[in-house]
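What follows is a short report on a single structure.
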Amino acid sequence: MDERRQGTRFSSDAEGAGARGTAVNPTDERIVHFDTSPGYDVHVAPGLLSSCGAILSDTLGRCMMVVVSDDTVAGLYLPAVHASLEDAGFDVIDYVFPHGERNKGLDTLAGLLEFLATHRVSRSDCIVALGGGVVGDLAGFAAAVYLRGIRFVQVPTTLLAAVDASIGGKTGVDLSAGKNMAGAFHQPSAVICDTDTFDTLPPELVSEGAAEVLKYGVLRDPDLFDRLPHVMHADRVDVVARCVEHKRHYVEPDEQDHGARRFLNLGHTVGHAIELCSGYSLYHGEAVAMGMACVARSCERAGEARPGTSERIETTCMALSLPTRSPYDAAELFAAAASDKKREGDEITIVGIRDIGQCFLRTMPFAGLEDFLVRGLGE
Ligand SMILES: NC(=O)c1ccc[n+]([C@@H]2O[C@H](COP(=O)([O-])OP(=O)(O)OC[C@H]3O[C@@H](n4cnc5c(N)ncnc54)[C@H](O)[C@@H]3O)[C@@H](O)[C@H]2O)c1
Ligand SMILES: [Zn+2]
């Protein structure tokens, strides 16, 4: 069996619990407030889908709710969300599109915008994005541009969307020239994360999110890093809430992505080059894990990282079923990075690693990336 497909498992003894409307134990709920414009709360707890109507009626007041989802997630969780919103007194309509990154494009966006107009959705109404990062990015972008901006709520159902895509206000769609090439910054009015929805994730999608969890550990949470992978099974509310707090640390002071937010690219510069070389056949999380391991080895060989750091990262990646060795060499990755449509001129900023929990930004001439890669990929 392909090793990457084994992934990391969440225990699944409560399969479908979110859809069945598990009661919320308030002591389990964590709320993380974002002081952005507008500000918003991220609610994290098991069983929250059945409470989303009550949570949102406090936040939003009376309005029409448009629940946007993909066909996979809709089959699992749309009835619970729709019923909860209706029970709380909202008028609710649903828009479902086929799942998958290939549907995060202009055609689906146009279909959704026409649907909103046909149903006379007004500026006081609200979109609810129920799903993974594809649904969140697409529905969020529709909310950003429809009538020059209406409110939207994120209800992430993948670990990746919970710890990364649903927070921070980046929305967008793919163009044929590349991923996320058209988009807008648009902050949600609330984020509601029901951790029971992870029960139905296939293992490879858990590993996708685990790579971002690992990233936060390396960036600024040695305690979380040391408890991986065990904590992923033992306390998912704490894992998600901590990661949301870590992302907040970078995005709150830098809503438009000009400064601190760049730390979130740890492992991603090399990871994007690996994804490009693979023609996107590798998972994003796999490429990011390989990218982080490459950066750690490069920094260690340059004498910048504490000895043993790269081995610790590689061991934890393997425990999370994430690969650490790029199948492509430095020349191939450098060529891919050079052709990246999002490349910013003649310089590149790399997130370097000093130790677990201590990273730094280094801006260097673009040509310097090749030596950096050679150091990181050599045996
Ligand atoms: N806006 C941001 O800041 C940001 C950050 C990171 C990633 N992203 C974007 O996020 C996307 C990737 O997110 P993703 O991995 O969540 O992808 P996704 O939304 O495509 O979800 C992956 C698959 O899992 C299914 N799924 C979702 N929840 C499920 C559940 N609970 N049980 C079973 N199946 C479920 C979906 O139907 C889909 O087929 C990319 O488009 C990426 O560009 C955005
Ligand atoms: Zn990522």
Of the residues in the range 137-175, those that are more than 8 Å from ligand 1 (Cβ to nearest atom), of a type in the set (D, E, K, R) and either buried (at least 24 other Cβ atoms within 10 Å of the Cβ) or not in a strand (DSSP E or B) (or both) come to Arg148
Restricted to the range 255-297 and to residues being within 12 Å of ligand 2 (Cβ to nearest atom) and among the polar types (S, T, N, Q), the residue surrounded by the fewest Cβ atoms within 10 Å (Cβ to Cβ) is Asn265
Margin query: Just to be sure before I move on: is Gly209 within 16 Å of ligand 2 (Cβ to nearest atom) and under 21 Å from Ala74 (Cβ atoms) in the structure I sent?
Written below: yes
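Residues checked against (1) without any contact (Cβ under 8 Å) to a residue 12 or more places away in the chain; (2) outside any helix (DSSP H, G or I):
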residue: Met318; (1), (2): yes, no
residue: Leu322; (1), (2): no, yes
residue: Tyr328; (1), (2): no, yes
residue: Arg354; (1), (2): no, yes
residue: Cys359; (1), (2): no, yes
residue: Gly376; (1), (2): no, no
If we ask which residues in the range 336-353 are surrounded by fewer than 15 Cβ atoms within 10 Å (Cβ to Cβ) and either touching a strand residue (DSSP E or B) at 6+ places or on another chain (Cβ under 6 Å) or at pLDDT 95 or above (or both), their number turns out to be 3
Checked Leu276, Leu224 against criteria (farther than 25 Å from Ala337 by Cα and either over 16 Å from the mean Cα position of the chain (by Cα) or in a helix (DSSP H, G or I) (or both)); the one match is Leu224
When the range 94-122 is checked residue by residue, the ones that are under 19 Å from Gly149 (Cα atoms), surrounded by 15 or more Cβ atoms within 10 Å (Cβ to Cβ) and aliphatic (A, V, I, L, M) are Leu109, Leu112, Leu113, Leu116, Val121
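Report, by residue number, each residue of the range 142-161 that is more than 14 Å from Val67 (Cα to Cα), more than 13 Å from ligand 2 (Cβ to nearest atom) and not hydroxyl-bearing (Ser, Thr, Tyr). Explain how you work it out, then say what you get.
Kept after step one, since they are more than 14 Å from Val67 (Cα to Cα), are these residues of the range 142-161: 144-149, 158-161.
With more than 13 Å from ligand 2 (Cβ to nearest atom) added as a condition, the list becomes 144-149.
Within the range 142-161, Ala144, Val145, Leu147, Arg148, Gly149 meet the criteria.
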Of the residues in the range 67-87, those that are crowded, with 19+ Cβ neighbours inside 10 Å, within 22 Å of Ala143 (Cα to Cα) and not β-branched (Val, Ile, Thr) come to Ser69, Asp70, Ala74, Tyr77, Leu78, His82, Ser84, Leu85
Scanning the range 191-207 for residues that are of a type outside the set (Asp, Glu), surrounded by 23 or more Cβ atoms within 10 Å (Cβ to Cβ) and at pLDDT 95 or above, the one farthest from ligand 1 (Cβ to nearest atom) turns out to be Ile192
Every listed condition ((1) in a strand (DSSP E or B); (2) in contact with a Ser or Thr (Cβ under 7 Å, 6 or more places away or on another chain); (3) crowded, with 18+ Cβ neighbours inside 10 Å) holds for Ala184 save (3)
Checked pairs for the range 143-161, first touching a residue at least 12 places away in the same chain (Cβ under 8 Å) and under 12 Å from Asp194 (Cα atoms), second of a type in the set (Val, Ile, Thr) and within 16 Å of ligand 2 (Cβ to nearest atom), C-beta under 8 Å and 6 or more apart or across chains, list as Gln154/Ile167; Leu159/Val206; Leu159/Val213; Leu159/Val240
* Can you find a residue in the range 112-126 that is more than 30 Å from Asp235 (Cβ to Cβ), of a type in the set (A, V, I, L, M, F, W, C) and not in a helix (DSSP H, G or I)? -> yes
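Rundown of residues vs (1) more than 16 Å from ligand 1 (Cβ to nearest atom); (2) within 21 Å of Val163 (Cα to Cα); (3) of a type in the set (Val, Ile, Thr); (4) under 17 Å from the mean Cα position of the chain (by Cα), yes/no style:
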{"residue": "Arg248", "(1), (2), (3), (4)": "no, yes, no, yes"}
{"residue": "Ser281", "(1), (2), (3), (4)": "no, no, no, no"}
{"residue": "Val288", "(1), (2), (3), (4)": "no, yes, yes, yes"}
{"residue": "Ala293", "(1), (2), (3), (4)": "yes, yes, no, no"}
{"residue": "Arg297", "(1), (2), (3), (4)": "yes, no, no, no"}
{"residue": "Thr315", "(1), (2), (3), (4)": "yes, no, yes, no"}
{"residue": "Ala319", "(1), (2), (3), (4)": "yes, yes, no, no"}
Going through the range 268-277 in order, the residues found to be of a type outside the set (Val, Ile, Thr) and more than 13 Å from ligand 1 (Cβ to nearest atom) are Ala273, Leu276, Cys277
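Quick one: how many residues across the range 58-103 are modelled with pLDDT under 95 and out of contact with any Cys (no Cβ under 9 Å at 6 or more places or on another chain)?
Of the range 58-103, the ones modelled with pLDDT under 95 are 58-62.
Adding the requirement that they be out of contact with any Cys (no Cβ under 9 Å at 6 or more places or on another chain) leaves 58-59, 61-62.
Within the range 58-103, residues that are modelled with pLDDT under 95 and out of contact with any Cys (no Cβ under 9 Å at 6 or more places or on another chain) number 4.
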Of (1) more than 9 Å from ligand 1 (Cβ to nearest atom); (2) not in a helix (DSSP H, G or I), Ala210 fails just (2)
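The values are calculated or read from the model by the stated rules, or taken from the named source; none is laboratory data. Keep in mind the model is a prediction, meaning the values are calculated, not measured. For neighbour counting, all protein chains shown are included, and Cβ atoms are generated from backbone atoms with ideal geometry for every residue, glycine included.
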